[in-house]
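K.L.:
Before I ask anything, let me first share the structure, which is written out below as structure tokens.
Only the coordinates and a few stated rules stand behind these numbers; no lab work does. Bear in mind that the values here come from a model prediction, so they are computed numbers and not experimental data. Neighbour counts run over all protein chains shown; Cβ positions are idealised from the backbone, glycine included.
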Amino acid sequence: MTTPSESYSLLLALMAPLVGAVLVMLTGRRPNVREACSFTAAGVMFATVASLVKPVLAGEKLVCHLATILPGVSVTLRADCLSMVFALVASFLWIITVLYSLGYMRGLHEHAQTRFSACFALALFGAIGCAFADNLFTLYLFYEIVSITTYPLVAHHQDAEGYQGGRKYLVYLTTTAKGLVLPAMILIYVMCGTLDFSDNIRTGIFPNGTSRVLVTVVYVCLLLGFAKNGVMPFHNWLPGAMVAPTPVSALLHAVAVVKVGVFSTTRVMLFVFGVDTMDAFNLGIPTAYFVSFTILAASLIALSKDNLKARLAYSTVSQLSYIILGVALLTPAGIQGGIVHIANHAFAKITLFFCAGAIYVATHRKNISQMRGLGRVMPFTFAAFAVASLSMIGAPPVAGFITKWYLLVGAIDARQIGIIVVLLASTILNVAYFAPVVYQAYFGKLAAGDSHEGLKEASPALLAPLLISALISVVIGFYPDFFMSFIKGMFL
Amino acid sequence: MDFLTTNGSWPILSVLIFLPLCGALVLPLLPGDRGARVWTLIVTFVNAGLSLKLYTGFDASTAKYQFGETVPWIPSLNINYTLGVDGISLLLVLMTTLIMPLCVLCSWRAVSSRVKSFFVCILLMETSMLGVFMALDFVLFYVFWEAMLIPMFLLIGVWGGPRKVYASVKFFLYTLAGSVLLPVAIIALYLHAHTFSIPELMGQPYSAMLQNWVFLAFFLAFAIKVPMFPFHTWLPAAHVEAPTAGSVLLASVLLKMGAYGFLRFCLPMTPVGVETFGPFVLALSVVGIIYGGLTALAQSDMKRLVAYSSVAHMGFVTLGIFVLNPRGIEGAILQMVNHGITTGALFLCVGMIYERTHSRELATATGIGRVMPVYVTLLALFGLSSMAFPGTNSFVGEFLVLAGSFAFSTKMAALTIPGVVLSAAYMLRMLQRVIWGGTDNPDTSHLTDLNWREIVTLAPLAAFVLWIGLAPTPFMDVFHVSVAHLIEQVRAGLPL
């Protein structure tokens, strides 16, 4: 590992959404200028992150020190291979989500659009901070910022349902963060004297001779405490947050919130505990089986949901655990499969939510049972939905296939027949809850009394983003090397 | 007097103490209420400016008392007028002088009757509070300690809310009852060491029996002042009825005196007592943290909510002090300052709402985010600080206290975690109500956002919230050596 070099690009990437949020608030009275500010901020952020691709791939570790809180506790940013996967996905998807939100919010004449756009930018500020965090404190800081700044988005409609969902959201996320992550972080500080992440995925930061019991307690606290990762039993905030407008759901599920959760979990597993410690204290395989329960249970619940967004929400809960499962296998293929799923799931899931939103804007329908035959009216939307579903299922040539392949190789390397069974069973469940939606949309007969008169595809501002993200899912399926090259860089 | 160093040529500590007193003497001669306000603002502002000299001139590399002054006062009893500050008291002195102008600003419109008397009380408070933190002679300390009760009693009793008489008498009786044993303890120590000098009384070979009894006497006085559970019941009453400035002074400065007493007297003078009763104090601290949090969660009156949150926060302070390790004590000192800033600011915020709606009920100040955006932004900042959000001042203090506690005992520290969660619960509940509310918010369209005077009142505190939160080093550097020295004193005083 080369010595870290100071880079202010990291600061620029972090400040772009923050400045963007301020500008959005200042220009709130002029919607077009406001939207332009969002676009510019997203563009600047993506361009800055993209400019880091080359040095990081060349093996450089970029850091940017911002503040020292205590000895061993600081606010420091770093760009390494793991952060780049998440940062690239988050910053790119922000651009197309801004476009989509514009179509969605104006299409439905939603209120408080300025607040919405500003909080959106702030959520991305938190997400990018998490991606670039160089230590546990910085990660925790931005993790909490995401929790707070997304509350106004979840409660956006300000009706009883919105407040209830928002309340549940905050209660789950802050209780777990304060009740589990904070004490774990303090225990780590007491044991190690620092909160900085290690430089490689093997050694971790615990000194030799650390108590196994304490390390295990800390590990469990962190695994459950980053509740944004949707691992059961602390997953219930996610379906509750479905009351939010669809672009928010898309953002929550694909980029900002849940990915912050799994990213934090994987960051901690690999760069605080490290493969060696996880192996020595036998933390990996039990974790894999623990999250297997979430994978299967959430899929089963998804089957029972008629509301499309609710079904997608449980699908998210299930898919997130793939990422943790892969990393917990502690084999190279498993870790690669898990982390690449951060990107693969993001592009597919955001497509699915964009489709759900487009259907709602065009037809005001939320339930799957009302969507029979709708594919004939909205062929492009449902085509994108089908492609993204294939990615979720893990069928070639879409991105999800890459994940499944690596996860299965990882499970075989780890010699865990049980995990292989879980992966196969979950694939069948994925087919069971996605295939009927697509099939019924294209080939289903209209329900009695239903008519599609006057219905057509949603506006281009809604259609373009979902087609782009679906297309990218296919491209990653054919050319997985871009993200894989980062992940392979972690093993150097 | 080898414990005392003099920096500079003029007696800055005496000036800081007596400038407000002189200001109070001149104040009745000034024409009109407006003159009284401006004059008090000038005096407190000048005092705040002068006190910065303490920070710039402070030598952080020694545990000695600095800016020392000593003059014989009653030679026959060996009582001296001795002043000095060390790393432990410096930040408290600075916080006191900084808070005073803000108290004047927040009373600008809120106090309209007996304006001159009000500001005289405020200035007398400043004199006695600074005296408590600077006195290095026990008799002098006791004089300031008791002198403070009278202006505070008047502040609550004359300018307070509907139940002001009840609250002020309760406040007076509680604190007085606590202080009754303080002179007894002082005399007991004097009979042994033949001095009232606080530094000389430290590290004396008192018998274990004496130390235990003296500790208990100290403990009663300081625990009521902190206040620790179960001695806290005067606090909500006093806070709720006091005028805003009174609440701010209570929260920011008066509560710190108890914790300061533990650090200045109990630890170095009666280490054996600390050893004997430490576990009980820790238990009371943990109970206070949980109890304060639960009670705050149940309040519908914003001032009561903040008052009970003080009980919980001060529980963290005493917890940090009695785990007796550097992280714990440093965290406790920082948390004293943080609590002064954050809770003071929250009381100012509640006061600003009260001036507009004449109610402190959460239900009447619901959903005001739309009409008072500046106000709710600042309120959110202070609320997040109060729940120890990372990046704010309280996080650093709480983190250190908890790190000290986990090093002391993992199980005991784990018991405080529900309190940490509760602090998020009651603060977020309050913020949610105030900023958003529900679907049936009252009509708040007549409310106006903060004016410049109010913004200026809150801005310095907001700056400190973020400054200490993100760069606490300049604040913490001043007390490292003093804390290390304090822990050494405790260790040295314990039997091997």
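K.L.:
At most 16 other C-beta atoms within 10 Å and a DSSP loop state: those are the exposed GluC sites (Glu not before Pro) I care about. Give me the longest piece of chain A that has none. Don't jump to the answer; show the numbers that get you there.
P.N.:
On the way: sites that count: A:110, A:453, A:457.
Counting only loop sites that pass the neighbour cut-off, the longest clear stretch is A:111-452.
K.L.:
Using amide H atoms built in the peptide plane, which far-off residues or other-chain residues are under 5 Å from residue A:68 H to H?
P.N.:
Under 5 Å from the amide H of residue A:68 lie the amide H atoms of A:75, each far enough along the sequence or on another chain.
K.L.:
Moving on. Project the alpha carbons of chain A onto their principal axes and report the range along each, largest first, in whole Å.
P.N.:
Sorted from largest, the Cα extents of chain A read 71, 55, 42 Å.
K.L.:
Which of B:95, A:74, B:375 sits farthest toward the positive end of the charge dipole of the protein assembly as shown, with +1 on the Cβ of Lys and Arg and -1 on the Cβ of Asp and Glu?
P.N.:
Positive-most Cα among the choices belongs to B:375.
K.L.:
Now, a different point. What is the distance, in nm, between label points placed 7 Å from the Cα along the Cα-to-Cβ direction at residue A:106 and at residue B:194?
P.N.:
Output for this residue pair reads 9.1 nm.
K.L.:
Could you work out how much longer the chain between residue B:363 and residue B:149 gets when fully extended? Use 0.36 nm per residue separation minus the Cα distance between them, nm to one decimal. It would help to have the intermediate numbers written out before the result.
P.N.:
Values: separation 214, 0.36 × 214 = 77.04 nm, distance 3.39 nm.
Taking residue B:363 through residue B:149 to full extension adds about 73.7 nm, to one decimal.
K.L.:
Would you mind calculating the gained length between residue A:282 and residue A:431 on full extension (0.36 nm times residue separation, minus the Cα-Cα distance), in nm to one decimal?
P.N.:
Values: separation 149, 0.36 × 149 = 53.64 nm, distance 3.32 nm.
So the chain would gain 50.3 nm between residue A:282 and residue A:431.
K.L.:
As an exercise, find the ratio Rg/Rh for chain B from alpha-carbon atoms, using the Kirkwood inverse-distance average for Rh.
P.N.:
Working: Rg = 21.5 Å, Rh = 22.6 Å.
Radius of gyration relative to Kirkwood radius: 0.95.
K.L.:
Could I ask something else about it? Considering the dipole of chain B built from charges on the beta carbon (Lys and Arg +1, Asp and Glu -1) around the Cα centre, which of B:276, B:248, B:337 is farthest to its positive end?
P.N.:
Of the listed residues, the answer is B:248.
K.L.:
I've got another one for you. Can you give the helix-only mean residue ellipticity at 222 nm for chain B, where every DSSP H stretch with n ≥ 4 adds -39500 (n - 2.57) and the sum goes over all residues, rounded to the nearest 500 deg cm²/dmol?
P.N.:
Values: 21 runs with 344 residues, N = 496.
About -23000 deg cm²/dmol.
K.L.:
Taking the Cα centre of chain A as the origin, how large is its charge dipole in debye, to the nearest 20, when only Lys and Arg (+1) and Asp and Glu (-1) carry charge on their Cβ atoms?
P.N.:
Here chain A has a charge dipole of around 820 debye.
K.L.:
Which value results when the Cα radius of gyration for the protein assembly as shown is divided by 2.2 N^0.38 Å? Can you show the working numbers first?
P.N.:
Working: Rg = 30.7 Å, N = 988, 2.2 N^0.38 = 30.2 Å.
Relative to the 2.2 N^0.38 Å estimate, the protein assembly as shown comes out at 1.02.
K.L.:
Could you give P(r) for segment B:53-167, binned at 5 Å from zero, as whole percent values over all Cα-Cα pairs?
P.N.:
2, 10, 17, 18, 17, 13, 10, 7, 4, 1, 0
K.L.:
So how strong a dipole does the protein assembly as shown carry about its Cα centre when Lys and Arg Cβ are +1 and Asp and Glu Cβ are -1, to the nearest 20 debye? Walk me through the intermediate numbers first.
P.N.:
Details: 53 positive and 41 negative charges, 430 e Å.
Rounded to the nearest 20 debye, it is 2060 debye.
K.L.:
Say a paramagnetic label sat at a point 7 Å from the Cα of residue B:6, along Cα to Cβ; which residues of segment B:47-71 have their backbone N under 14 Å from it?
P.N.:
Residues B:66-71 fall inside that zone.
K.L.:
Now for a separate question. Pop out the Kirkwood hydrodynamic radius of segment A:155-201 from its pairwise C-alpha distances, inverse of mean 1/r, in Å to one decimal.
P.N.:
Working: mean 1/r = 0.0765 Å⁻¹.
Computed over Cα pairs of segment A:155-201, the Kirkwood hydrodynamic radius comes out at 13.1 Å.
K.L.:
Can you grab the distance from the C-alpha centre of segment A:344-378 to the C-alpha centre of segment A:247-317, Å, no decimals?
P.N.:
23
K.L.:
Using only the alpha-carbon atoms of segment B:339-405 as identical scatterers, what base-10 log of I(q)/I(0) does the Debye formula give at q = 0.26 Å⁻¹?
P.N.:
-1.12
K.L.:
Over 25 Å between C-alpha atoms is what I'm after, so list which of A:168/B:256; B:170/B:411; A:366/A:456; A:366/A:445; A:404/A:445 land there. Walk me through the numbers on the way to the answer.
P.N.:
Working: A:168/B:256 36 Å; B:170/B:411 37 Å; A:366/A:456 16 Å; A:366/A:445 18 Å; A:404/A:445 34 Å.
As for pairs spanning more than 25 Å Cα to Cα, those are A:168/B:256; B:170/B:411; A:404/A:445.
K.L.:
Let me ask you something else. If the cut-off is a Cα-Cα distance under 19 Å, which aspartates and glutamates reach residue B:225, setting aside same-chain residues fewer than 8 apart in sequence?
P.N.:
B:126, B:146, B:241
K.L.:
Separate question: Under 16 Å Cα-Cα from residue A:488, which lysines qualify once same-chain neighbours fewer than 8 residues away are excluded?
P.N.:
A:54, A:61
K.L.:
Further question on the same structure: Can you give the extra length, in nm with one decimal, that the chain gains between residue B:371 and residue B:78 once fully stretched, where that is 0.36 nm per residue apart less the Cα-Cα distance? Mind dumping the intermediate values first?
P.N.:
Values: separation 293, 0.36 × 293 = 105.48 nm, distance 6.21 nm.
Roughly 99.3 nm would be gained on extension.
K.L.:
Hey, which lysines would be in cross-link range of residue A:259, C-alpha to C-alpha under 17 Å, not counting anything within fewer than 8 residues on its own chain?
P.N.:
Leaving aside lysines fewer than 8 places away in the same chain, those within reach of residue A:259 are A:228, A:349.
K.L.:
Once the Cβ-Cβ distance between residue B:466 and residue A:65 is put in as r, and R0 is 25 Å, what FRET efficiency do you end up with, to the nearest 0.05?
P.N.:
0.90
K.L.:
Rank A:392, B:426, B:410 by how far each Cα sits towards the positive end of the charge dipole of the protein assembly as shown (+1 on Lys, Arg Cβ; -1 on Asp, Glu Cβ) and give me just the farthest.
P.N.:
Most positive-ward Cα: A:392.
K.L.:
Report the rotationally averaged projected area of segment A:283-492 based on its alpha-carbon convex hull, in square nanometres. Don't skip to the answer; put the middle values down first.
P.N.:
On the way: hull surface 45.2 nm².
Result: 11.3 nm².
K.L.:
Hey, got the dipole for segment B:12-493? About the Cα centre, +1 on K and R Cβ, -1 on D and E Cβ, debye to the nearest 20? Could the numbers behind the result be given before it?
P.N.:
Numbers: 24 positive and 21 negative charges, 157 e Å.
Once rounded to the nearest 20, the dipole reads 760 debye.
K.L.:
Shifting gears a bit: At most 16 other Cβ atoms within 10 Å and a DSSP loop assignment: could you name the trypsin sites (Lys or Arg not before Pro) in segment A:1-82 that fit?
P.N.:
Details: sites: A:29, A:34, A:61, A:78; in loops: A:29, A:61.
The qualifying sites are A:29.
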